[in-house]
1. Looking only at region 267-302, count every residue that is basic (Lys, Arg) and without any contact (Cβ under 8 Å) to a residue 60 or more places away in the chain and tell me the total.
2. Within region 14-34, restricting attention to residues that are open to solvent by 40 Å² or more (accessible area, probe 1.4 Å) and not charged (D, E, K, R), which residue is nearest to the chain's Cα centre (by Cα)?
3. Could you tell me which of the residues Gly123, Gly140, Gly133 is at positive phi and crowded, with 24+ Cβ neighbours inside 10 Å?
4. Give the residue that is farthest from the chain's Cα centre (by Cα), with candidates limited to residues of region 145-174 that are over 16 Å from Gly229 (Cβ atoms) and hydrophobic (A, V, I, L, M, F, W, C).
5. Within region 343-365, track down each residue that is modelled with pLDDT under 95, touching a strand residue (DSSP E or B) at 6+ places or on another chain (Cβ under 8 Å) and open to solvent by less than 80 Å² (accessible area, probe 1.4 Å).
6. Condition check: among the small types (Gly, Ala, Ser) and open to solvent by less than 10 Å² (accessible area, probe 1.4 Å). Does Ala309 satisfy that?
7. Of all residues in region 305-317, which are touching a strand residue (DSSP E or B) at 6+ places or on another chain (Cβ under 7 Å) and farther than 18 Å from Asp191 by Cα?
Amino acid sequence: MRILIAPDKFKGSLTAREVAAAIGRGARRVFPEATIIEQPMADGGEGSLELLQQILPLQTYRLEVTGPLRKKVMAEYLMGEGKAFIEVARACGLQHLPPHRRDPGRTTTIGVGMLIEDALARGARDISLFLGGSATNDCGAGMAAALGYRFFGNRPEDFVPTGDSLGYVLRIDDAEVMPAVKDARFTAVCDVDNPLLGDRGATMVYASQKGAKLTDLPVLEEHMERFSGVLAQFSGTSVLVPGSGAAGGLGAGIRAFLGGDIQSGIDRMMEVTGLEKWLIGADLVITGEGCIDDQTPHGKVVSGVAGRAQHAGAKVLAVAGRCTLDQAASRMPDVHQIAALMDQPGMTMERSMGDTAVELEGMVVGLLRSLKI
């Protein structure tokens, strides 16, 4: 038997490599003679740089940038052979703010622009920006300002818009933009396919997770809708496309300000890791992520790996810390079975988060023993 283990991280508990190792230990207890391959995955969000660093010969560059609330933070990116890989959360992620300071109306992506500027200065001409985990809702305006774009309202002075002030922008000026921006190729690598606006858009789906109150959502949405019109007129490009709502609209900003393409993160990571090669001859694929929910079918690791595995003829199992996806079988037809730690008898949140590796290994043992292959 040949088993491929290809999970994402369990956020807050285990890295993708640690998840793969725990699943691997469980699989070997049940199938000691099997060929078992562990290939950690990422979906283009947090954890992507760590995975890339294990695969490619890249150098790390670390610098001080403006954080989400304009206090200085240390951030790093990877670069090699003229290609730079930037995880936007390193500069403007939720991890830089305690819960009581989170406010997507005030936060900014300026630090992302500073990382881009540094990479361009070092000769990067192909820059991949991995979106996910941001604390922002500014449509990439802060990033653009750091690269020389200027924003004007009904006053002569320019300003750097945030989620609460995007709607005041009437004009965008690019006269002072770094020349290297025009010469480089940019790709927004997204872990979700959400549009910019609407019920599945940047604000309505994610702003509450970033600290917004329910009463803030209509205001943030209105500002972003106004700004999207100015942005489309300025760039001559539609920003209302799948993935444009990623990272608080940063996908739209990369498309409009940088001329970038939007690419599925899981597709990019499966390509980089050579997942197709590992799938050849696989009988069983075990994937997983911390929470399997309504976002999982829209570009997350589980759905991406399951689709490729099903196409290759392998049976797919998915594991998670918890699963909130209704009617999982009908919503994810490529997955044979889903098992979640929080669904195990007697499981508590404390045990699932504190002893994740041990509990995951045990759950996999039980799952595989009951499996008919």
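The values are calculated or read from the model by the stated rules, or taken from the named source; none is laboratory data. If you're wondering where the values come from, they're calculated on a predicted model, not measured in any experiment. Here the Cβ is made from the backbone with ideal geometry for all residues, glycine too, and neighbour counts use every protein chain on show. When the accessible area is computed, the model is the full protein with side chains, heavy atoms only, and any ligands, DNA or RNA have been set aside. Shrake-Rupley method; radii C 1.70, N 1.55, O 1.52, S 1.80 Å.
1. Total meeting the criteria: 1.
2. Ranking the candidates gives Thr15 first.
3. Working: Gly123 fails: crowded, with 24+ Cβ neighbours inside 10 Å; Gly133 fails: crowded, with 24+ Cβ neighbours inside 10 Å.
It is Gly140.
4. Phe159
5. Of everything in region 343-365, just one residue is modelled with pLDDT under 95, touching a strand residue (DSSP E or B) at 6+ places or on another chain (Cβ under 8 Å) and open to solvent by less than 80 Å² (accessible area, probe 1.4 Å), namely Ser352.
6. Criteria met by Ala309.
7. Within region 305-317, the first condition is being touching a strand residue (DSSP E or B) at 6+ places or on another chain (Cβ under 7 Å), and the residues that meet it are 305-306, 309-310, 314-317.
Residues satisfying the conditions are Ala309, Gln310, Ala314, Lys315, Val316, Leu317.
Rundown of residues vs (1) open to solvent by 10 Å² or more (accessible area, probe 1.4 Å); (2) modelled with pLDDT of 95 or more; (3) of a type outside the set (Phe, Trp, Tyr); (4) within 16 Å of the chain's Cα centre (by Cα), yes/no style:
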residue	(1), (2), (3), (4)
Thr237	yes, no, yes, no
Leu240	yes, no, yes, no
Gly243	no, no, yes, yes
Gly251	no, yes, yes, yes
Arg255	yes, yes, yes, no
Gln263	yes, no, yes, yes
